[in-house]
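The values are calculated or read from the model by the stated rules, or taken from the named source; none is laboratory data. In this text, all values refer to a predicted model and were calculated from it rather than measured experimentally. A quick note on method: Cβ atoms are made from the backbone with ideal geometry, for glycine too, and the neighbour counts reach across all protein chains shown. Calculation scope for accessible area: heavy atoms of the full protein, side chains included, ligands and nucleic acids excluded. Shrake-Rupley method; radii C 1.70, N 1.55, O 1.52, S 1.80 Å.
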Amino acid sequence: MEEKLEKKVTIYEIAKLCGVSVSTVSRVLNKSPYVSAKTQARVLDVINKYHYAPSAVARAMISNQTKTLGVIISDITNPYFSELYLEIQRYAVDYGYSLILCNTFYGGASHGVSAAIPEDTYFKTMLEKKVDGVLILGGEIDLDHVSASYKEALNRMSKQIPVVILGQTIPGCDCIFINRNLSGGVSTLIHHLLALGRRKIGFIGGEKGVRTTTARLSAYRQTLEALGLPYDPALVSLSNYYAPDGYLAMSKLLENPENLPTAVVCINDAVAQGAIRAIVDKGLQVPEDLSVVSCDQFPSGEYTCPRLTTLDQQNSYLGRMSIMTLIGAIHNDSECISISHEPRLIIRESCGAKLGRFFEQ
């Protein structure tokens, strides 16, 4: 019989070879506890022998689920999103789901991508692929002002499948939101720099009109004012979220030798890396001449020279909560949630704390 089954075997042939019903084979495939160990072993032996794999199409027709999720990301080359995606993929696989990744290149201008792919194009793709749910990370949803047409497109999709967005709730949008504290830890960084004696603190990176930038810049200004330190617009240089942007933003602050900062808060580790390169190219040293700290830790921050003082925003936790929320929504357990966690300050060499002295008197 084995020699005759050169073509792909069916579940009916597996059942016949095992001497059991099709429903019994199905229970074994679904790891049902209602099959004896002896029968289960016999069925699995035949399944492995003939390399049988159940048809995803057939299972989707029966269950009305494809066990596939769509993930729409604004730029997979951004370490923030790539780290999130890896965590999402890890948990999706644990729950038996496969992923379709759509990269819009929304933030790609900094590294040579001239135009983003319209997100609503991917919304249509998600529906055509019959995914069970969609997770959206970044893109237009992160803007301070989201267009009415974008919200309408989101709402059309969410009426057909669950849509989870890692971002702040937007009025008039019917998707499930996972809200997080965008400005968390900025005040901690500034207090830390002040404790080291740094009082002329700049802010670089991020893009105007993006919620993360707006929130962190606002926290920066409010903290300075609360501490009685002057807010100087000349010490703020916005650009984008990548190392080249950090280099350009820091270079701008270094153009005026009469108004040099003694420390800078960077929007993330990538921007901080670019800033350090600009400082060194100017003939200065980090942290001896200028302290550099970051609002968002990326995996490579511990291996820069000097190692970056940064904030652990618990991105792995965010990825896990995102996928669990989406799977819950697929099973009709959905609600908008707030992430209640505090970023952790990681003190390394770039702030100068390890030098064992204060900088300014």
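Of all residues in the range 200-225, exactly one satisfies the criterion of being out of contact with any helix residue (DSSP H, G or I) (no Cβ under 8 Å at 6 or more places or on another chain) and over 27 Å from residue 138 (Cβ atoms), namely 225. Only one entry of 189, 182 meets the criterion of being under 25 Å from residue 247 (Cβ atoms) and in a loop (DSSP other than H, G, I, E, B), and that entry is 182. Annotation for the range 121-131: no member residue is outside any helix (DSSP H, G or I), in contact with a helix residue (DSSP H, G or I) (Cβ under 8 Å, 6 or more places away or on another chain) and crowded, with 22+ Cβ neighbours inside 10 Å. Of the residues making up the range 234-261, those that are in a helix (DSSP H, G or I) and over 30 Å from the mean Cα position of the chain (by Cα) number 4.
Say whether the condition of being closer than 16 Å to residue 133 by Cα and modelled with pLDDT of 80 or more is met by at least one residue in the range 54-68.
Yes, that holds for at least one residue.
For the range 291-304, filtering for residues that are in a loop (DSSP other than H, G, I, E, B) and out of contact with any Gly (no Cβ under 9 Å at 6 or more places or on another chain) leaves 5. Across the range 209-234, the qualifying residues are those that are of a type in the set (Val, Ile, Thr) and open to solvent by less than 60 Å² (accessible area, probe 1.4 Å), and the one among them that is farthest from residue 145 (Cα to Cα) is 223. Taking the conditions (1) assigned to a loop (DSSP other than H, G, I, E, B); (2) β-branched (Val, Ile, Thr); (3) in contact with a Gly (Cβ under 7 Å, 6 or more places away or on another chain) in turn, residue 271 satisfies each one other than (1). Look at (1) without any contact (Cβ under 8 Å) to a residue 12 or more places away in the chain; (2) within 22 Å of residue 204 (Cα to Cα) and you find that residue 143 fails only one, number (1). State whether one or more residues within the range 216-227 are outside any helix (DSSP H, G or I) and among the hydroxyl-bearing types (Ser, Thr, Tyr). No, every residue in the range 216-227 fails to be outside any helix (DSSP H, G or I) and among the hydroxyl-bearing types (Ser, Thr, Tyr).
For the range 198-222, the set of residues classified as among the hydroxyl-bearing types (Ser, Thr, Tyr) and out of contact with any strand residue (DSSP E or B) (no Cβ under 8 Å at 6 or more places or on another chain) consists of 212, 213, 214, 218, listed by residue number. If you go through the range 63-97 and keep only what is touching a residue at least 60 places away in the same chain (Cβ under 8 Å), of a type in the set (Ser, Thr, Tyr) and in a helix (DSSP H, G or I), you end up with 80, 85, 91. Of all residues being open to solvent by less than 20 Å² (accessible area, probe 1.4 Å) and in a loop (DSSP other than H, G, I, E, B) in the range 132-173, which is nearest to residue 322 (Cα to Cα)? Just the residue, please. In this case the residue turns out to be 167. Would you please list the contacts, defined by Cβ atoms under 9 Å and residues six or more apart or on different chains, that run from a residue in the range 242-263 that is more than 16 Å from residue 293 (Cα to Cα) to a residue that is modelled with pLDDT under 95 and open to solvent by 70 Å² or more (accessible area, probe 1.4 Å)? Close Cβ pairs satisfying both conditions: 244/111. Looking at the range 174-195, which of the residues that are crowded, with 22+ Cβ neighbours inside 10 Å and modelled with pLDDT of 95 or more is nearest to residue 291 (Cα to Cα)? Only one residue fits best here, namely 193.
When residue 239 is tested against (1) surrounded by 19 or more Cβ atoms within 10 Å (Cβ to Cβ); (2) modelled with pLDDT of 95 or more, only condition (2) is not met.
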